[in-house]
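The values are calculated or read from the model by the stated rules, or taken from the named source; none is laboratory data. None of these values were measured; they are calculated from a predicted model. Quick reminder, even Gly has a Cβ in these numbers, built from the backbone with ideal geometry, and neighbours come from all protein chains shown. For the accessible areas, the whole protein counts, side chains as well, though only heavy atoms, and no ligand, DNA or RNA atoms are used. Shrake-Rupley method; radii C 1.70, N 1.55, O 1.52, S 1.80 Å.
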Amino acid sequence: MSAAVPSASINDADATLQHLLGRYSVGPKHLVEPGPDSAQLLLMAEAALRAPDHGELLPFRFKLVRGAARTRMAALFEAAARAAGKDAAGALIDAERALRPPVTVAVLARIDLGHPLVPAHEQWVCVGGAVANFLNAAHLLGFGGKMLSGAKVRDPGISAAFCGPGETLLGWIALGTPARRPAGPSRKGGATQALQDWG
């Protein structure tokens, strides 16, 4: 016979779930200092490790951009903008975007296409689950965050700066304290659209 779960634990779990259901993405222009510290970032990474991971392959990596590294990333963004044909003003806007979040986390996939047991699509599911858990943990710790991507991930200079052998740059998670907090029900519609009976 399983032990009864204390009502206090049930209440705590319900409160946590309700808080999680209030998560929205918060863009860089609404993120201010302080950003998460090293201990808090480790907790987010621990949460990411709880994503379903067939074969325990760890097909993802997170690379922190903070401190002086933010300026180096801004230079990469500016160079990529110029290479894409933007004028000086447009390139400067891209550089400034790199400096807005207190902390930025590059998200990399490391997919083993030749794995004998775990097909690529299962590894990609793990990467997505890891990003979701990372962002959910940030929310529960009181931070705002948003996953950002776009054409910059395909820029050769940016990709080379972030990726090691066999890695693919997917984008960046912007993190910080939200200057405003979106509220209200999900804009995606009701859960019944996602949850359906089969058979």
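Of the residues making up the range 175-199, those that are open to solvent by 100 Å² or more (accessible area, probe 1.4 Å) and modelled with pLDDT under 85 are Arg181, Pro185, Arg187, Lys188.
Kindly indicate whether Gly128 is at pLDDT 95 or above and either hydroxyl-bearing (Ser, Thr, Tyr) or assigned to a loop (DSSP other than H, G, I, E, B) (or both). No; evaluated as a whole, the condition is false for this residue. Within the range 93-118, the set of residues being closer than 30 Å to Glu56 by Cα and charged (D, E, K, R) comprises Arg110, Asp112.
Given the criterion under 20 Å from Gly171 (Cα atoms), outside any helix (DSSP H, G or I) and of a type in the set (Asp, Glu), identify the matching residue among Asp112, Asp94.
Values: Asp94 fails: outside any helix (DSSP H, G or I).
That would be Asp112, the only listed residue that is under 20 Å from Gly171 (Cα atoms), outside any helix (DSSP H, G or I) and of a type in the set (Asp, Glu).
Residue count for the range 122-133, restricted to those that are farther than 18 Å from Leu64 by Cα and either basic (Lys, Arg) or open to solvent by less than 10 Å² (accessible area, probe 1.4 Å) (or both): 2. For the range 74-89, the criterion of being surrounded by 19 or more Cβ atoms within 10 Å (Cβ to Cβ) and among the acidic types (Asp, Glu) is met by at least one residue.
Go through the range 31-68 and give me each residue that's surrounded by 13 or more Cβ atoms within 10 Å (Cβ to Cβ) and assigned to a helix (DSSP H, G or I). Passing the criteria: Gln40, Leu41, Leu43, Met44, Ala45, Ala47, Ala48, His54, Gly55.
Suppose the filter is of a type in the set (Asp, Glu) and surrounded by fewer than 12 Cβ atoms within 10 Å (Cβ to Cβ); does Asp14 pass it?
Details: of a type in the set (Asp, Glu): yes; surrounded by fewer than 12 Cβ atoms within 10 Å (Cβ to Cβ): yes.
Judged against the criteria, Asp14 is a match.
As a summary of the residue check, Arg100 satisfies the conditions (1) in contact with a Pro (Cβ under 6 Å, 6 or more places away or on another chain); (2) within 20 Å of Pro28 (Cβ to Cβ); (3) open to solvent by less than 70 Å² (accessible area, probe 1.4 Å) except for the one numbered (3).
In the range 134-155 there is at least one residue matching the filter, namely being outside any helix (DSSP H, G or I), over 25 Å from Pro34 (Cβ atoms), without any contact (Cβ under 8 Å) to a residue 24 or more places away in the chain and open to solvent by 30 Å² or more (accessible area, probe 1.4 Å).
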